[in-house]
Amino acid sequence: MSATQSLLAVQQRIEQACLQAGRPLQDVRLLAVSKTFPAERVLDLAKAGQQAFGENYLQEALDKITRLDGIDGQPPLEWHFIGPIQSNKTRPIAEHFAWVHSVDRLKIAQRLSEQRPPHLPPLNVLVQVNTSGEASKSGVAPNEVVALCQAIAHLPRLNLRGLMTIPAPTDNEAQLKSEFQTCATLHQQLNQIGLPVDTLSMGMSSDLELAIACGSTCVRVGTALFGSRG
């Protein structure tokens, strides 16, 4: 399947999910997760019309950003960092990305704020919520989300946009739905206390329909666009 065909198939899934959920199509954006795939595959998808790409691994992402910057007369791509963030990696993230989906500590947010170059727009940030309670997973506990978001909202050079979650790897739809709804409820609470967040990053190739039904505004899709990772 070509890049154009893969992109169209995913866009049709999103459109159908929005229709079923009674939501306008423009409510949900597609983030193509390009980790482990070469720059050439990203370029193919960009030429098919996809503009936003998510990366988990910093050095791999920086290599792609450098290679694809201004290539073939393509419009600039929008890069999202979606992996765990180590303190010693915040500067290049602050300098090269438009979005960060995986902030889960105030220290990380503070470093991103301090290191965001003043000539760039504020860095869009999402707080990652550990809705599954897995000890091995990044993310802040649900009961700590509001306090962390309130602190981040006061930092300069950052634009708090909302929340992200990666649910437990399971085929149990009831469990997935519960985790998505937990994140969606927290998102509503942030708006209710005066934090005007607009982004809920939930759902991947296998569960994007359920995530959209639960209120997702950004689905992170890799396998359905690029194929299985080796």
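Got at least one residue in region 167-183 being closer than 22 Å to L112 by Cβ, touching an Asp or Glu at 6+ places or on another chain (Cβ under 7 Å) and surrounded by 13 or more Cβ atoms within 10 Å (Cβ to Cβ)? Show your work before the answer.
Within region 167-183, the first condition is being closer than 22 Å to L112 by Cβ, and the residues that meet it are 183.
Restricting the remaining residues to those that are touching an Asp or Glu at 6+ places or on another chain (Cβ under 7 Å) gives none.
So far as region 167-183 goes, no, none of its residues is closer than 22 Å to L112 by Cβ, touching an Asp or Glu at 6+ places or on another chain (Cβ under 7 Å) and surrounded by 13 or more Cβ atoms within 10 Å (Cβ to Cβ).
Does S205 satisfy being among the hydroxyl-bearing types (S, T, Y), surrounded by 14 or more Cβ atoms within 10 Å (Cβ to Cβ) and outside any loop (DSSP other than H, G, I, E, B)? Lay out the reasoning, then the answer.
Values: among the hydroxyl-bearing types (S, T, Y): yes; surrounded by 14 or more Cβ atoms within 10 Å (Cβ to Cβ): yes; outside any loop (DSSP other than H, G, I, E, B): no.
No; evaluated as a whole, the condition is false for this residue.
Among the listed residues N159, N143, identify the single one that is surrounded by fewer than 20 Cβ atoms within 10 Å (Cβ to Cβ), among the polar types (S, T, N, Q), in a strand (DSSP E or B) and out of contact with any Ser or Thr (no Cβ under 9 Å at 6 or more places or on another chain).
Result: N159 is the single residue among N159, N143 that is surrounded by fewer than 20 Cβ atoms within 10 Å (Cβ to Cβ), among the polar types (S, T, N, Q), in a strand (DSSP E or B) and out of contact with any Ser or Thr (no Cβ under 9 Å at 6 or more places or on another chain).
Looking for whichever is under 21 Å from I85 (Cβ atoms), at pLDDT below 95 and either of a type outside the set (V, I, T) or within 18 Å of the chain's Cα centre (by Cα) (or both) here; the options are G133, G230, G222. Which one fits?
G133
Which of the residues spanning region 105-137 are in contact with a strand residue (DSSP E or B) (Cβ under 6 Å, 6 or more places away or on another chain) and surrounded by fewer than 22 Cβ atoms within 10 Å (Cβ to Cβ)?
Scanning region 105-137 gives S113, P122, N124.
Just checking, how many residues over region 163-180 are more than 17 Å from the chain's Cα centre (by Cα) and either in a loop (DSSP other than H, G, I, E, B) or not charged (D, E, K, R) (or both)? Spell out the reasoning first.
Here is the first cut: in region 163-180, the residues more than 17 Å from the chain's Cα centre (by Cα) are 169-178.
So of that shortlist, the ones also either in a loop (DSSP other than H, G, I, E, B) or not charged (D, E, K, R) (or both) come out as 169-172, 174-176, 178.
The number of residues fulfilling the criteria is 8.
Conditions: (1) without any contact (Cβ under 8 Å) to a residue 40 or more places away in the chain; (2) of a type in the set (S, T, Y); (3) surrounded by 13 or more Cβ atoms within 10 Å (Cβ to Cβ). T199 meets all but one. Number of the miss?
(1)
What number of residues within region 35-70 satisfy the criterion of being surrounded by fewer than 15 Cβ atoms within 10 Å (Cβ to Cβ), among the small types (G, A, S) and out of contact with any helix residue (DSSP H, G or I) (no Cβ under 7 Å at 6 or more places or on another chain)?
1
The values are calculated or read from the model by the stated rules, or taken from the named source; none is laboratory data. Small disclaimer: the values here were computed from a predicted structure and weren't measured. Using ideal geometry, Cβ is built from the backbone for each residue, glycine included, and neighbour counts are taken over all protein chains shown.
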